[in-house]
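Notes follow the structure.
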Amino acid sequence: METGFILTEQRGRVAVVTLNRPERLNALSMPLVHALYAAFERCNADETVGAIILTGAGRAFCAGLDVQDWQPPEPAVAGEPASYRSQLRWLELMRRSKPVVAAVNGLAVGGGLTLILSCDVRVASERAQFEERHVRIGLAPDMGSSRLLVQAVGLAQALKLQLTARRIDAHEAARIGLVTDVVAHDALMSAAFAVAEEIAAHPVASLLAAKQLVWDNMCEPDGAAVVRREAEVEERLMGAPEFAAALRAMSEKRASPVSPPRTDPSR
């Protein structure tokens, strides 16, 4: 289905959301951003979807903001920076979203790199390139990237990328932890689907709970608070039908026959 500058399709329990402005290297315009939000909301509301793949059409994943066609998609509130609401909306959407696998098919710079930082798994084509270019155009990191990039690659590597604005290739991105896997370009979507299908095979309630715990606890200094959140979620999930069904499935399996004792070849 096509909605403005976004293409969506579903294969089994995996939905694919594609940025579709290839003539502009999928640069982020306001109509594209609105359509992207709407596509994710539909996927998250659809009970038949277990995981989402985010990718780009053409030779780029996303070339960042389209400065010729941009204004904040959320209205400004008195006393707040003009772009605050729109940036926060994306982070909150990704925080509560079903798991997202970024399939980085090409160039991901500026806002394009920022988009993938809030995805859960990042798979890159060997043709992908990455650039944190905000300082190059007189700006600074946004949409949470000053924290998310540090958490992905560590403080030194994050500062190196953000202060030099240098471009790196897919293999360098994998080496520092910016992406999880690098594959041949023609195998990108197959690799992304393999990961997404593995994720989507699990109960959605558990996937959402796991994501929420990671987001809530990743900067929590209080260890007791971390464990309390986990225990509260565990108690809730143990009362859900998915857990009961899993227990039944485990109990109905026959015990494996006892393996014969191993013989020590040295004797």
State whether the chain is rounded, prolate or oblate according to the following rule on the C-alpha gyration tensor (a ≥ b ≥ c being the square roots of its eigenvalues): a/c under 1.5 gives rounded; otherwise a/b larger than b/c gives prolate, and the remaining case gives oblate.
prolate
Per its Cα gyration tensor (rounded if a/c is under 1.5, else prolate when a/b beats b/c, else oblate), segment 1-154 is best filed as rounded
In degrees, nearest ten, helix 155-164 long axis to first principal axis of the chain (Cα)
20 degrees
Run through all the Cα pairs of segment 106-170 and give the fraction in each 5 Å bin from 0, expressed as whole percent.
4, 19, 31, 31, 13, 3
Longest segment of the chain lacking GluC sites (Glu not before Pro) that sit in a DSSP loop with at most 15 other Cβ atoms within 10 Å:
127-267
Spelling it out for residue 53: with amide H atoms placed in the peptide plane at 1.01 Å from N, the residues 5 or more places away or on another chain with amide H under 5 Å from its amide H are 15, 16, 17, 101
Cα shape, segment 164-248, gyration tensor, a/c 1.5 rule:
oblate
Amide proton proximity set for residue 65, modelled H, under 5 Å, gap of 5+
28, 111, 112
Does anyone have the angle between helix 204-217 and the longest principal axis of the chain? Alpha-carbon axes, 0 to 90°, nearest 10?
60 degrees
Comparing 25, 115, 93 in a Gaussian network model of the chain (Cα, 10 Å), the one with the largest mean-square fluctuation is 93
Quick check: the angle from helix 84-96's long axis to the longest principal axis of the chain, C-alpha only, nearest 10 degrees?
20 degrees
Enumerate the lysines that residue 98 could reach by cross-link, defined here as Cα to Cα under 26 Å, with residues fewer than 8 away along the same chain left out.
211
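Is it possible to state the helix-based mean residue ellipticity at 222 nm for the chain, with each DSSP H run of 4+ residues giving -39500 (n - 2.57), the sum divided by total residues, to the nearest 500 deg cm²/dmol? What is it?
Working: 10 runs with 117 residues, N = 267.
Value at 222 nm, helices only: -13500 deg cm²/dmol.
Net charge around residue 213, counting only other residues with Cβ within less than 9 Å of its Cβ (Lys, Arg = +1; Asp, Glu = -1)? Intermediate values should be presented prior to the final figure.
Numbers: positive: 211, 229; negative: 216, 230.
Local net charge: 0.
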For the chain, modelled as a GNM with alpha-carbon contacts under 10 angstrom, which of 99, 241, 75 fluctuates the most?
241
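Bear in mind these aren't lab numbers, they're just calculated from the coordinates by the rules spelled out. Not measured: the values here are computed from a predicted model. Note that each Cβ is placed from the backbone with ideal geometry, even for glycine, and that neighbours are counted across all protein chains shown.
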